[in-house]
Amino acid sequence: MGRDFFLTFEGIDGCGKSTQAERLKRALTERQFPVTHTFEPGGTALGRKLRTILVHDEINLSLFSEVLLFAADRRQDIDEVIKPALERGDIVIGERFADSSVAYQGVAGNVGEERVERLMDIVTSGLVPDLTLLLDIDPRISLARKTDLDRIEQRGPFLDAVRHAFLDMAARQPERWVVIDAARPADDVFRDVLREVLKRLE
Ligand SMILES: Nc1ncnc2c1ncn2[C@@H]1O[C@H](COP(=O)(O)OP(=O)(O)OP(=O)(O)O)[C@@H](O)[C@H]1O
Ligand SMILES: [Mg+2]
């Protein structure tokens, strides 16, 4: 039963994207939906190399180069994974997409929201998720969950700005975004996630 549907999880580091995406994949598969799960940076062979640079390396990247490397990863993921999956009729579950670039580098990183939006429109050829679930949480809570803070996450107040950028984006496009309180236990968060997704698939 093909049902091409592209949904993404967004939210700051450690908000629970991977946890919820895994659960959702399992729940939809149990309900016989064909599912493709992808994440970025790193869903493809190119992505894995870029992830090393973006997340772990000591290379001093300018913010704009960072935007471009994420963009290269995203385009590769679209061509290699997302588009073929949607063409097969799969439900695609993505962890992060163009909205992350807008929030992190565009707004919080001062590259410019509109500039990054325009670039992302080109990079994605206008592919926009059908649904974006924003796992909203105070960075002080989400960072406490993680022990291995990476290059980008080490900037604490930065994540406050990212959080508010996401909330602003969600408020501007309520037909695409759903804000979910991610500070609760994973089971409670998942109940909301599944309800919002099934509502749109039925
Ligand atoms: N609702 C929750 N309550 C408490 N801990 C959680 C919850 N959800 C996830 N965790 C734990 O918090 C940590 C971060 O979760 P997870 O990896 O799912 O977040 P993420 O958004 O994918 O992070 P990243 O941005 O680094 O990819 C993990 O150790 C996970 O087990
Ligand atoms: Mg993750």
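Could you please find all residues in the range 1-36 being surrounded by fewer than 21 Cβ atoms within 10 Å (Cβ to Cβ), modelled with pLDDT of 95 or more and within 12 Å of ligand 2 (Cβ to nearest atom)? Those that are surrounded by fewer than 21 Cβ atoms within 10 Å (Cβ to Cβ), modelled with pLDDT of 95 or more and within 12 Å of ligand 2 (Cβ to nearest atom): 18, 19, 22.
Going by what's in this entry, would residue 179 be described as touching a residue at least 40 places away in the same chain (Cβ under 8 Å) and open to solvent by 10 Å² or more (accessible area, probe 1.4 Å)? Here the answer is yes, as residue 179 does meet what is asked.
Pairs linking a residue in the range 56-67 that is of a type outside the set (Val, Ile, Thr) to a residue that is open to solvent by less than 90 Å² (accessible area, probe 1.4 Å) and modelled with pLDDT of 90 or more, with Cβ atoms under 7 Å and 6 or more positions apart or on different chains, are 63/105; 63/109; 63/111; 64/111; 66/105. Within the range 156-180, the set of residues being under 18 Å from residue 18 (Cβ atoms) and either in contact with an Asp or Glu (Cβ under 6 Å, 6 or more places away or on another chain) or of a type in the set (Phe, Trp, Tyr) (or both) comprises 166, 180. Of the residues making up the range 112-143, those that are among the β-branched types (Val, Ile, Thr) and over 22 Å from residue 157 (Cα atoms) number 5.
Restricting 128, 197 to those that are crowded, with 20+ Cβ neighbours inside 10 Å and touching a residue at least 40 places away in the same chain (Cβ under 8 Å) reduces the list to 197.
Within the range 164-202, the set of residues being in a helix (DSSP H, G or I) and within 16 Å of ligand 2 (Cβ to nearest atom) comprises 166, 186, 189, 190, 193. Just one residue in the set 99, 77 is buried (at least 18 other Cβ atoms within 10 Å of the Cβ), within 16 Å of ligand 2 (Cβ to nearest atom) and free of Cβ contacts under 8 Å to residues at least 40 places away in the same chain; that residue is 77. Here the range 53-70 is the region considered, the condition is being over 20 Å from residue 123 (Cα atoms) and within 16 Å of ligand 2 (Cβ to nearest atom), and the residue that is most open to solvent (accessible area, probe 1.4 Å) is 56.
The values are calculated or read from the model by the stated rules, or taken from the named source; none is laboratory data. All values reported here derive from a predicted model rather than from experimental measurement. Cβ sites come from the backbone with ideal geometry, for glycine too, and all protein chains shown count toward neighbours. With ligands, DNA and RNA removed, areas are computed over all heavy atoms of the protein, side chains included. Shrake-Rupley method; radii C 1.70, N 1.55, O 1.52, S 1.80 Å.
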